[in-house]
1. Using every Cα-Cα pair within the range 172-211, state what percent have a distance larger than 12 Å.
2. Round to a whole angstrom and tell me the spacing of the C-alpha centers of the range 123-137 and the range 71-120.
3. Expressed in nm², what is the orientationally averaged projection area of the convex hull enclosing the Cα positions of the range 1-82?
4. Around Gly35, with a cut-off of 12 angstrom between Cβ atoms, what is the net charge of the other residues, counting Lys and Arg +1 and Asp and Glu -1?
5. When Lys and Arg each count +1 and Asp and Glu each count -1, what net charge do the other residues less than 11 Å away from Pro95, Cβ to Cβ, add up to?
6. Subtracting the Cα-Cα distance from 0.36 nm times the residue separation, let me have the gained length for His169 to Met201 in nm, one decimal.
7. Quick one: if you stick a label point 7 Å off each Cα along the C-beta vector at Lys487 and Asp339, how many nm between them?
8. Would you work out which of Gly477, Thr399, Trp176 lies farthest towards the positive end of the dipole of the chain, given +1 charges on the beta-carbon of Lys and Arg and -1 on that of Asp and Glu, about the Cα centre?
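The values are calculated or read from the model by the stated rules, or taken from the named source; none is laboratory data. Bear in mind the structure is a predicted one, so any value in this text is a computation, not a measurement. FYI the Cβ positions are ideal-geometry reconstructions off the backbone, even for glycines, and counts take in every protein chain you see. Protein only, heavy atoms only, side chains kept; ligands, DNA and RNA dropped before computing areas. Shrake-Rupley method; radii C 1.70, N 1.55, O 1.52, S 1.80 Å.
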Amino acid sequence: MRVHLVNPNHLSFGVGVITPRWLYVLAAATPRSFGDPVLVDETLAAMDSTQVQPGDVVGIGIHSGNALRGYEIGRMARERGAHVIFGGIHTSLYPQEAFQLGGAHAVVKGDGDVVWARVLGDCANGLLQQVYEGGRIEADQFLAARWELMPRDSYMWASVQTVRGCPKHCSFCSVWRTDGQRPRQRTSDGVIHEIIELRRMGFRFIALADDNFYPVTLTDLRLAREQKNYAKLAELEQIRSDKFALMAELAKLPKNMVFFTQITMESAEDPDYLNAMRNANIKGALVGVEAVTPEGLKSVFKEFNLSGEGLVKQLQTFRAHGLHMLGSFIFGLPSDKPDTFKATADLASRAGLAFAQFVMLTPFPGTVDFLRWEKEQEKTPVYVEGIPVTRFWLIPAATRPKMFMPHPLMSSQEISNRTQGVWDRFYSFDSVWKRSKCTPTLRSRIAFVFLSKLYRKMYAGTGISTDSARRKKANSGARWLSRYTRKFFTSEPMPDLAMPVWSPRASAPAIAPFPVLE
């Protein structure tokens with residue numbers, strides 16, 4: 001019985017920007033008695049169905065964006081006589097879909113780190129159940145990924161997770177509903193060991209793939225003190241302390257390492273934290289700006305963000321602390337007007353953002369926006385080729401609507417066109433070259449240009465607001481760009497990089513084991 005783990009995707013770029021971490025974590029969760037699993041990441045190349053034999057196990061992890069392709073693979077694998085198991089966020093939300101459309105024999109809900117071994121054991125013994133509850137495991141049960149199984153020369157950035165869960169409750173995000181609002185944070189030793197393993201392999205660019213790398217804000221601490229909730233305060237202070245301890249250890253790693261993560265805007269009010277990030281070689285972060293007006297922020301439950309000139313200054317604070325930010329903006333909010341697009345583009349430029357993404361409002365399953373929209377649709381259901389629009393992920397991309405929630409002022413086509421216009425403006429060569437001045441060398445500037453163009457093709461050219469012709473052209477261009485862009489992010493392996501010796505009762509190493517390497 002051979003185990004296959006599949007990350008579905010309709011488009012294959014040949015080279016991936018960031019490693020799909022879950023694939024290698026589930027590989028670690030696969031007992032060695034089953035042999036090394038066959039890992040398929042379709043962002044690199046499409047799955048070869050002939051590799052699946054009767055009696056094999058095919059595990060497919062899906063989110064809403066790749067569910068349709070995942071179901072295609074599941075049906076194919078079942079036809080070839082394999083046992084088909086679905087997992088991932090979308091499966092946790094809609095487990096019955098995998099049975100109805102994906103040929104599933106079983107589904108796993110929640111975290112797979114622990115339960116996956118039981119699923120495989122049951123499968124081997126003919127005891128497979130239909131539903132397995134993985135739950136939300138504690139941080140000490142998180143598994144380090146089996147990076148030695150990764151195909152060489154396939155990814156630009158590696159990924160390591162330090163925390164799951166986010167205490168926020170943004171209306172467009174499902175993380176706090178699926179992963180919970182209580183941060184589950186790994187200790188420094190597990191994170192550092194994994195990073196060193198990756199640096200030994202030649203990765204010096206690593207994404208800290210967290211739901212929120214800034215899980216405790218100064219406001220959280222203040223409110224706990226004012227409410228005299230000392231148990232909560234102690235918990236928050238411990239989480240914050242552990243994060244600072246981790247960053248102190250990251251700072252001891254080779255100085256040419258570069259980390260990127262994801263934080264909230266409130267971190268701009270915390271100079272101590274930003275300084276620790278800079279010292280830890282965390283060079284950049286994705287931050288959810290979402291909207292540039294107070295009305296827009298209110299509509300997505302993100303009133304803790306600033307707007308207007310206050311927002312510009314807040315974003316510039318990151319730059320002043322040496323952080324290059326990727327700002328994320330949403331278009332199609334009820335408060336948006338035609339001039340919102342230009343205002344957003346202007347603000348993104350003035351705020352000193354290194355990168356930006358501009359997405360059209362999409363009500364993703366598990367979010368407050370989706371639940372609100374789904375309830376509204378019950379009054380007058382809309383169908384596309386017989387499929388309810390509230391199950392838009394099942395509609396083929398060629399016929400899928402660009403917008404799902406009617407806008408009071410603009411048509412979906414107008415919002416789509418204006419969104420593409422902002423992408424085009426922000427990622428014009430002149431704009432990109434101007435922003436590339438944030439890097440220290442000519443080689444770095446060229447790398448910045450290549451990465452900017454690749455990012456634009458991968459995420460704007462193939463996104464929901466594009467038509468099929470543009471998507472095909474963007475995919476072809478991205479495949480060409482990715483091969484050359486990766487060359488800027490490769491580095492010589494460091495097989496002799498020392499591992500720390502950790503004290504059994506401490507979260508810091510007993511000695512300072514890292515050589516000073518420039």
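1. Numbers: 531 of 780 pairs.
Above the 12 Å cut-off, the range 172-211 has 68 percent of its Cα pairs.
2. 10 Å
3. Working: hull surface 20.5 nm².
Mean orientational projected area (the range 1-82, Cα hull): 5.1 nm².
4. Details: positive: Arg2, Arg32; negative: Asp36, Asp56.
Result for the neighbourhood of Gly35: 0.
5. Numbers: positive: Lys109; negative: Glu97, Glu133.
Net charge around Pro95: -1.
6. Values: separation 32, 0.36 × 32 = 11.52 nm, distance 3.76 nm.
Here the segment from His169 to Met201 would lengthen by 7.8 nm.
7. 4.7 nm
8. Positive-end residue among those listed: Gly477.
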